[in-house]
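Below you'll find the structure, written out as structure tokens, and then a few comments.
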Amino acid sequence: MSAAIHSPQPPPLETILTALLNSVATAPDDFVLVLDDYHVVDATAIDQAVTFLIQHLPPSMHLVIATREDPPLPLARLRARGQLNELRAADLRFTPAEAAEFLNRVMDLKLSAEEIAALETRTEGWIAGLQLAALSIHGHQDVPGFIRAFAGDNRYIVDYLVEEVLQRQPPQVRSFLLQTSILDRLSGTLCDTVTGQEEGTALLDALERGNLFVVPLDDKRQWYRYHHLFADVLKAHLMEEQPDEIPALHRRASEWYAHNGSPAHAVHHAFAAGDFERTADLVELAWRTMDRNLESATWLSWVKALPDEVVRTRPVLSMGYAWALLNGGELEAAEARLRDIERWVETADIIGHQFPPAGLNAPPLSVATTDEKKAAHSMVIVDEEEFRSLPASIASARAFHAQALGDAPRSVLYAQRALDLFPEGDDLGRAVPAAILGLAKWAVGDLEAAHQTLAQAMAGFQRSGNFVAALSGTYGLADIRIAQGRLHEAIRTYEQALQLALAQGEPVPRGTADLYLGLCDLYREQGDLEAATQYLLRSEELGEAAALQDWPHRLRVVQARIKQLQGDLDGALSLLDAAERLYYRTPVPDIRPVAALKTRVWLAQGRLVDALGWVRARELSVDDDLDYVTEFDHIILARVLIAQFQCDRVEGSLRDATRLLERLLEAAETGRRTGSMIEILALRALAHAAQDNSLAALVFLERALTLAEPQGYVRTFVDEGPPMAALLRAAAQQTAVPHYVDRLLATFGPPKGSTPVTQGLLEPLSDRELDVLRLLRTELSGPQIARELVVSLNTVRTHTKNIYAKLGVNSRRAAVQRAEELELY
């Protein structure tokens, strides 16, 4: 065969290959032929020869091809026939475990798990990158600092990628790589716009097939990105070779993203281009949509990055700025922006803009100076529709601002002005001031009117298609029902909103996490710790991406309540401290301030001095004028006074507490706040019990129980601790709601010091069996008893079977009757 190959007229290639294959077929053992660096082959004849070889491989022969790019061979046909095994870039990347083995054992480094993870993430498992990083580490004293700074500007990385990749590309491909390195994501049409070429899709496909550090981001191969280190190298070379072109590249990218519905990317590239006027245009146009989606925090970060002189010439942008500041609790900064906009509205007629009249009863706007009137000529307006609605928007913002400051009368005045200015058909515009009106009514304790107004506002949001805003009022609607003592309705409010949220599909809309959090707190109050925990976990799983802006604050308050009922008072205080740091002022009335919640925990810890310090700091007095928004503070003041009496036995403290509770109860009755009444009545009972006046204590307790029983209140009583348990045991024989009292006592558990020897049984009931026995007396079913005691249904059945055996009965009714005879209740 060798002579034939070297003859002046060699036979056809297929003849030679056929002879070769016949010779190979006689080999007694399997063997592998490896063709390395196949990407350097640039001859069609060789590709054809390899194709012929593959198609006629004898059974004993296996072919391995190592290449940096897909060879021009019939890969698709071989893949379809199951005759092709492929190891691609993703398969060759090191896993975190492999990276650790390589760096610490092979390269003899002593890196921590965190340092290995950082390198693995930065290199994306690229083996050569890890090796080059390891080589660099050997020459560094500050290894953690090197790892933090490790990027594509590392000299080993630069040398390797430039010599092995960049310099080997033809000029067109090299230019494409450099110019598109400004992009975090790559698509064919985007790359065409940025580079001014028309082969973006084909080049991206070729780069992927050539394994040139291009990572596909979807199965359809429409979007890609560069390997992070490769992108760093490309950007460095672009900066070195074409620095003057970079702003134009970013500007073209911004234009493409703006035309293709991606404002965030458009803004990013406009900033990168240094084109603040274009950036301001884009930010202004993005405001309304981002505000609807509760993304004002992101939007605010954009506008804060703009030069102030650019913002101040744009009234619509400034209006959005004011709203974003209000949403984030920056009330003083928002006030300054609102004054600027009001001056523009005053002078707008200079340039031909006419606004509707504000109304005779509207608060006066600021008066513009001569210089400000001149500045009106230079106003920049991109969103004309938003500009025309500025007076109504200003009124809504003023209503928001006043309500956040606790000025309900002024808030109502501005909200009504906004409703007068927004046209009847503008559901979205009118829903905002309507919601603020509802919040103002809530703050003054007009709960039913507040609920009706808020519900109408949320319906307006829903009609406008703004489901996120429609969900945002659920907390207020439910909290009003809680104040009215209507827990079941509050639960239904959250459940109906949850159905609306889940119907929107994945990802769930913002506000969904808040709904689960609200349900958690309600089931906590009703004593269903298992359900409460499940709802809390779901809220935590969804996190801030599915939550309203104040969710982090309210999450920690609810977590603190769970900790408190579990007896972890230090943990509860820690969470309340975090909640206090996260709180900022909004129009939502702060009905239960965190400082007051902390004071109650201090009382549970016996820290009376700290509690009295809070009273002094708040300047609270039993003679204060009472209103709804400070009701909870005054209830806590009554608790402090009762605790003070229990500590020093000075009658004046208890008399003050009793007088304050009388006034609070009268105010709650007048406002039909049954939820408040239940807590106040329970405290009045405890105050009388502290004076050993059990008769009066039981009268107030009975009234509290009668109001609480239909709604299933549990923690309101159980959280009062042993004094309440003693009162409930005294009330058990004469109450009108005995089953309810038994349920509450079962949640308390057996009294301290109780012993089973007094039961009159040969085999006494255990403490847990006594808990089950008390609930057998109620109308709760087996599964409900299991939930009440936070145990499985099988556990309840086992305890019930033991109870029957020990009592010598075979039915629930007989067990209850026998227990009454033995005075086990």
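Would you confirm, using the coordinates I've provided, whether ALA547 is aliphatic (A, V, I, L, M), under 27 Å from ALA595 (Cβ atoms), open to solvent by less than 10 Å² (accessible area, probe 1.4 Å) and in contact with a Cys (Cβ under 8 Å, 6 or more places away or on another chain)? Considered against the rule, which asks whether it is aliphatic (A, V, I, L, M), under 27 Å from ALA595 (Cβ atoms), open to solvent by less than 10 Å² (accessible area, probe 1.4 Å) and in contact with a Cys (Cβ under 8 Å, 6 or more places away or on another chain), ALA547 comes out as no.
Contact map, region 377-396: residues that are open to solvent by 40 Å² or more (accessible area, probe 1.4 Å) paired with residues that are β-branched (Val, Ile, Thr) and part of a loop (DSSP other than H, G, I, E, B), Cβ distance under 7 Å, separation 6+ or inter-chain. Pairs shown: SER378/THR313; VAL380/THR313. Only one entry of LEU234, LEU161 meets the criterion of being in contact with a Ser or Thr (Cβ under 6 Å, 6 or more places away or on another chain), crowded, with 18+ Cβ neighbours inside 10 Å and at pLDDT below 90, and that entry is LEU234.
Evaluating VAL215 against the criteria (1) assigned to a helix (DSSP H, G or I); (2) of a type in the set (A, V, I, L, M, F, W, C); (3) open to solvent by less than 40 Å² (accessible area, probe 1.4 Å) leaves one unmet condition, (1). Note on region 521-540: residues that are open to solvent by less than 60 Å² (accessible area, probe 1.4 Å) and either touching a residue at least 60 places away in the same chain (Cβ under 8 Å) or of a type in the set (Asp, Glu) (or both) total 8. Restricting GLU544, GLU525, GLU540, GLU530 to residues that are at negative phi and in contact with a Pro (Cβ under 8 Å, 6 or more places away or on another chain) narrows the list to GLU544.
Could you list, in sequence order, the residues of region 41-74 that are open to solvent by 40 Å² or more (accessible area, probe 1.4 Å), in contact with a Ser or Thr (Cβ under 9 Å, 6 or more places away or on another chain) and under 24 Å from LEU204 (Cβ atoms)? Passing the criteria: VAL41, PRO72. In this structure, LEU249 does not qualify as part of a helix (DSSP H, G or I) and more than 20 Å from ARG278 (Cβ to Cβ). Of note, ALA731 does not satisfy the criterion of being touching a Leu at 6+ places or on another chain (Cβ under 6 Å) and modelled with pLDDT of 95 or more. So is ASP205 open to solvent by 50 Å² or more (accessible area, probe 1.4 Å), in a helix (DSSP H, G or I) and without any contact (Cβ under 8 Å) to a residue 24 or more places away in the chain or not? Considered against the rule, which asks whether it is open to solvent by 50 Å² or more (accessible area, probe 1.4 Å), in a helix (DSSP H, G or I) and without any contact (Cβ under 8 Å) to a residue 24 or more places away in the chain, ASP205 comes out as yes. Scan region 739-767 for residues that are part of a helix (DSSP H, G or I), at pLDDT 80 or above and closer than 14 Å to LEU824 by Cα and the total you get is 3.
Would you mind finding the one in ASN802, ASN810 that is without any contact (Cβ under 8 Å) to a residue 24 or more places away in the chain and farther than 23 Å from GLN526 by Cα?
ASN810
The residues of region 598-619 that are open to solvent by less than 30 Å² (accessible area, probe 1.4 Å) and within 30 Å of LEU326 (Cβ to Cβ), listed by number, are LYS598, THR599, TRP614. For region 292-316, enumerate the residues that are among the acidic types (Asp, Glu) and either open to solvent by less than 40 Å² (accessible area, probe 1.4 Å) or outside any helix (DSSP H, G or I) (or both). GLU295 - this is the single residue of region 292-316 that is among the acidic types (Asp, Glu) and either open to solvent by less than 40 Å² (accessible area, probe 1.4 Å) or outside any helix (DSSP H, G or I) (or both).
Would you mention how many residues in region 24-40 are among the hydroxyl-bearing types (Ser, Thr, Tyr) and open to solvent by 70 Å² or more (accessible area, probe 1.4 Å)? Number satisfying all stated conditions: 1. Out of all the residues in region 281-288, is one or more open to solvent by 10 Å² or more (accessible area, probe 1.4 Å), out of contact with any helix residue (DSSP H, G or I) (no Cβ under 7 Å at 6 or more places or on another chain) and without any contact (Cβ under 8 Å) to a residue 12 or more places away in the chain? Looking for residues that are open to solvent by 10 Å² or more (accessible area, probe 1.4 Å), out of contact with any helix residue (DSSP H, G or I) (no Cβ under 7 Å at 6 or more places or on another chain) and without any contact (Cβ under 8 Å) to a residue 12 or more places away in the chain, one finds none in region 281-288, hence no.
The values are calculated or read from the model by the stated rules, or taken from the named source; none is laboratory data. All figures in this text were calculated on a predicted structure; none of them were measured in a lab. Note: ideal-geometry Cβ built from the backbone for every residue, glycine included; neighbour counts use all protein chains shown. Keep in mind that these areas ignore ligands, DNA and RNA; they rest on the heavy atoms of the full protein, side chains included. Shrake-Rupley method; radii C 1.70, N 1.55, O 1.52, S 1.80 Å.
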